[in-house]
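The values are calculated or read from the model by the stated rules, or taken from the named source; none is laboratory data. Bear in mind that the values here come from a model prediction, so they are computed numbers and not experimental data. Note: ideal-geometry Cβ built from the backbone for every residue, glycine included; neighbour counts use all protein chains shown. Accessible surface is based on the protein model in full, side chains and every heavy atom, while ligands, DNA and RNA are left aside. Shrake-Rupley method; radii C 1.70, N 1.55, O 1.52, S 1.80 Å.
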Amino acid sequence: MGKMSLTQHLIGSLVVAFAFLAPASARAQDHRLPTNGSNGGGMDTHLFRPAVDSKGFFSVNGSDILAKAGYKEFPKTWADWTTAMKKIKSQMSPRQFPILMPTNEWPQPVMFALEAGSPILRDDGRYGAFEQPAFRKGFDFYLGFYRQGFASPVSSSQVSNLFQEFERGNIAMYISGPWYIGEFKNRLDSATQKKWMTAAMPGINGPGVSLALGSSLSLFAASQHKKEAWLLMEYMSRPAIQLQFYVLTGDLPPRKAAWQDTTFANNKYTRAFRDQLERVVPLPQVPEWEEIATTIYEHGEQAIRKAKTVDQTLASLDQDVNAMLEKRRYLLAQEKPKT
Amino acid sequence: MSATLPPDGAASGEMLSEPLPGMVAIKRRFPWSRDPGAHTPSDVGKAAWLFLAPALVLIFVFFFLPVLASLVLSVTDFDIYAIANPPTTRFVGMANYTKLFHSPEFWQALRNTFYFALVGGPLTIAVSLGTALLLNAKLVRFKSFFRTIYFTPFVTTLVAVSIVWRYLYHTRYGVLNYGLAHLGIAPIDWLGNPHWAMPAIILMSIWKNFGYNMLIFIAGLQAIPQDLYDAAEIDGAGPVRRFFAVTLPLLGPTLLFVSVITMIGYFQLFSEPYVMTQGGPLRATTSVVLMMYEEGFRWWRMGYAAAIAFVLFVVILIATLIQFRLQKEHA
Amino acid sequence: MSRTNPRLVVGEGKSTYDYRPGAVGGSAGGYGRVDSARARRRGTQIVLYALLIIGALIALLPMLWMLSASFMPTGEASTYPPHLMPSRITFDHYRDLFTRLNLGRYLFNSALIAVVVTGVSLVINSLAGYAFAKLRFRGRDRAFRILSLGLVLPVQVAMLPLFLLMKNLHLINTYWGVIIPGMASIFGIFLIRQYALSIPDDMLDAARIDGASELRIYWSVVVPGILPILATLAIWTFLATWNDFMWPLIVLSDEAHYTLPVALANLSGEHVMDTELMMAGSVLTVIPVLAVFLFLQRYYIQGVMAGSVKG
């Protein structure tokens, strides 16, 4: 039993949590059950999550500004990226920035940490791993954007209209997910429509990792309608159906088979995402994840505004997250078979 | 007057000297009829409890009981695990409170809330009093027209106006900074600068709430007899002197009443930071209630949040008692 | 639960008037000084009116801009220098709200909840208020004292366990979950009681002698007598329930049940960039309460002012 019953606790509790989490952020897809990546298996014992759609982060960029800086393609490594932004910044006025990266978003610091090899949490989610070198490397890269003036330290609520900023050339890049493809298509004026492109996230030594977010269907162990739920999940997992879903909603399919359709072969915007799909990494699978993610960017904000040094920030992150995970440690210790 | 009773002064059951409008007509209409019904005190008593039952049951079950339960909750570590599986709850004694008092976020929330209440409160009252004086001036006509206009912000939905003000406060495109630019003031990053965020919320709250207190002040001002002003004027007092010698002292009770309800309301700050700043920047606008909401309904740390709620209650209680004490000294 | 506005706590004790001897009354001045006095009065009048008008503009400007921006074409509200009037009027955003964004549903939810709470609470609160005022029964004063304690308790303290209680009653994300906590209010009871105290006792006794039941007395004698305060309380409750934010935010998790403030807050997260759209949403949220207030302001304002001064 062990971990399974804890998971079942989590399942049960998560019925409540997902239903009642207030819509404080627009990205409701963060509040979903983490996946164990399985693609089958008994529903009574496994945590099964066929994704309905998937959202990995990649970058949207103004290709004309990049071209002006001498880049025909989006940089693929962190080093190239940094150089590109330096060049772009030198060609911009003081109130313009190469990249828009709001400080109150957790995906950026988390993604960079994952790329640098950090597990974010260690010991099966019992403790934070923030003072380890891997996280520090990712965090330093994240701070670098602000330190070197590539991004303005604004919060997402201060950005009145990202699309206008793109149109006016005040921003050259933005990290987001495929749901923005539709938004960009709809909102950018015709002049700018020819000038934007998507690209995969750069990594340390080549294309980088991305986050596996997105809506999921979850089958709860305590469900009274397991058969019906299973049928639905199975139905939604069929490539043809996922394709239909994409056509209806614009949500990209998570199954590679669905991507083989011609709809995607000719879509230059989704190409980057398909590429990215190969390198998605799961997030730590703890129910406290949202709280931890919020803490990460809150501490990040303090480091960005120089209220704390990097060392202090990472130390207090470890401290705070360890406190958050105390109950989990306690429950896991209870679950262990006594020897 | 005991501290537990509301300041209504009518606990003993006084009556107005005239019957209320509508009463007389009914008196005539009511038929005099047959048998002298026996309305024993116990009949009345039974009816009374029947009348009270719905209200008392509702208030007890859905208010008093939860308040007590909050206290109980605050000494446990009830959280997301416990919602699904209550037996995982542990009794933790004062641990939540200890954690609270060691938490920099909590002290910041407390400071923010006090900042809001102790700066916003008096400013709101001052504006209310000022407009009440304006509206009470003899030389002014169209009083009710202006009164309605000034009261309108109070009636509007807080969430809706918070959203409007969020755009008014925009650094580049907001009307407020545009207006300031005309006065030669550089644009202020109202909602993005930790130093200006709370003042921004205070300003909006003054605008929203001054109308309510203004009405109360108008009523209070109208209750001051004109002879006192005339007497003062004869004695040579100018308008300013008259204000300090006649108006202010006689408004004393009203002033205290207004400041109590304003403070209590302001300590419960929640919607404005939730909608406008999400508690930021850097938690500069996180209030105690907002923190309670975050901890209790976003992170589901309900035991911890209950401790926060209880501390809020104690703070409000102390503030209220202080003000009642001040009133006793003056009365 | 609708206590997001400062509470109206009834009345104050008698103030002591410091009567000064020798107050004769009558304004100063003989005939010779009439002209300059009149000129001074004119000057003061102009200043007063100027201040009043400036104040009125400040009070109205945010809402006027809100209205104006709601008609602006997309993007016009985010320009520099800011536009105060739309360059051309468009109803696109209102259309969007009702078609794409389902605002009609939220309007309905808000209206339904507000009307039900107002109706039910009027009955419940007035029954209780009258009972406290006029019916003698054992434990009346003690019960009243305990109830007054409730006025000091901030409503947020109850919200956490109340949520758990609602969850166990399966009332989360239902209309009843929002309605039930608002059906009785201590403040409402106090307000009614205060007013009901002035019902002449002999009228009630006369009705009793005539054989009317207590309920009959309540319905035929008391209710008509306290109609003004019922009107005030009705308006107050309606506004407070319509504007209520925190509790519906907590209890309602499904868009289909959202009230307007909750839906608006949700929309503002997603559509932070759509200034004009959000302004239209705000207009639609505010108009009903403004309408109710403007039409019935007499009762409302009377209630606020009467409740604050005890003669």
Here are B:GLU294, B:GLU329: which of them is among the acidic types (Asp, Glu) and touching a Gly at 6+ places or on another chain (Cβ under 9 Å)? B:GLU294
For segment B:213-331, which fully contained helices (runs of 4 or more DSSP H) count at least 1 residues that are of a type in the set (Ser, Thr, Tyr) and closer than 30 Å to A:HIS299 by Cα? B:248-267, B:271-276, B:288-293, B:302-330
I'd like the full set of residues that are at pLDDT 85 or above and either open to solvent by less than 20 Å² (accessible area, probe 1.4 Å) or on the phi > 0 side of the Ramachandran plot (or both), limited to segment C:77-86. C:PRO82
Here the residues within segment C:134-150 that are open to solvent by 20 Å² or more (accessible area, probe 1.4 Å) and within 7 Å of chain B (Cβ to nearest Cβ) are C:ARG136, C:PHE137, C:ARG138, C:ARG145, C:LEU149
Being without any contact (Cβ under 8 Å) to a residue 40 or more places away in the chain and of a type in the set (S, T, N, Q) is the filter here; which residues of segment A:260-283 pass it? A:GLN260, A:THR262, A:THR263, A:ASN266, A:ASN267
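Each row is one residue, and each column tells you yes or no for (1) under 27 Å from B:VAL161 (Cβ atoms); (2) facing chain C (nearest Cβ under 7 Å); (3) surrounded by fewer than 22 Cβ atoms within 10 Å (Cβ to Cβ).
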| residue | (1), (2), (3) |
| --- | --- |
| B:SER271 | yes, yes, no |
| B:LEU282 | yes, no, yes |
| B:ARG301 | no, no, no |
| B:LEU312 | yes, yes, no |
| B:GLU329 | no, no, yes |
Positions within segment C:58-76 being within 14 Å of chain B (Cβ to nearest Cβ) and surrounded by fewer than 17 Cβ atoms within 10 Å (Cβ to Cβ), in sequence order: C:ILE58, C:LEU60, C:LEU61, C:LEU64
Given (1) over 22 Å from A:SER156 (Cβ atoms); (2) touching a helix residue (DSSP H, G or I) at 6+ places or on another chain (Cβ under 6 Å), A:LYS308 misses just (1)
Determine whether B:GLY211 is crowded, with 21+ Cβ neighbours inside 10 Å, within 9 Å of chain C (Cβ to nearest Cβ) and more than 28 Å from B:THR277 (Cβ to Cβ). no
Among the residues of segment A:214-227, is any at positive phi and open to solvent by less than 60 Å² (accessible area, probe 1.4 Å)? yes
C:GLU270 passes all but one of the listed conditions (1) more than 10 Å from chain B (Cβ to nearest Cβ); (2) surrounded by 24 or more Cβ atoms within 10 Å (Cβ to Cβ); the exception is number (2)
So which residues in segment C:273-293 are part of a helix (DSSP H, G or I), open to solvent by 20 Å² or more (accessible area, probe 1.4 Å) and within 16 Å of C:SER70 (Cα to Cα), if there are any at all? C:LEU284, C:ILE287
Among residues belonging to segment B:67-107 that are surrounded by 15 or more Cβ atoms within 10 Å (Cβ to Cβ) and of a type in the set (Phe, Trp, Tyr), point out the one that is farthest from B:SER287 (Cα to Cα). B:TYR81
So, of the residues in segment A:309-327 that are more than 25 Å from the chain's Cα centre (by Cα) and within 11 Å of chain B (Cβ to nearest Cβ), which turns out to be farthest from B:PRO194 (Cα to Cα)? A:LYS327
Which condition number in (1) of a type in the set (Val, Ile, Thr); (2) surrounded by fewer than 21 Cβ atoms within 10 Å (Cβ to Cβ); (3) facing chain B (nearest Cβ under 8 Å) is the one that C:ILE189 fails? (2)
Filter segment C:221-272 for residues that are small (Gly, Ala, Ser), over 17 Å from the mean Cα position of the chain (by Cα) and not in a loop (DSSP other than H, G, I, E, B); the one that is nearest to C:GLN194 (Cα to Cα) is C:GLY225
Name the residues in segment A:129-153 that are closer than 25 Å to A:ALA191 by Cβ and under 20 Å from the mean Cα position of the chain (by Cα), would you? A:ALA151
Filter pass, B:LEU256 being over 23 Å from the mean Cα position of the chain (by Cα), open to solvent by 10 Å² or more (accessible area, probe 1.4 Å) and in contact (Cβ under 8 Å) with a residue 60 or more places away in the chain: no
Restricting to segment C:192-244, what's the tally of residues that are among the polar types (S, T, N, Q) and at the interface with chain B (Cβ under 9 Å from one of its Cβ atoms)? 5
Given the conditions (1) hydroxyl-bearing (Ser, Thr, Tyr); (2) more than 12 Å from chain B (Cβ to nearest Cβ); (3) open to solvent by 10 Å² or more (accessible area, probe 1.4 Å), and given that A:TYR330 satisfies all but one, which numbered condition is not satisfied? (2)
Residue hits (segment B:155-176; under 19 Å from C:TRP247 (Cβ atoms) and either open to solvent by 10 Å² or more (accessible area, probe 1.4 Å) or more than 7 Å from every other protein chain (Cβ to nearest Cβ) (or both)) are B:LEU158, B:SER162
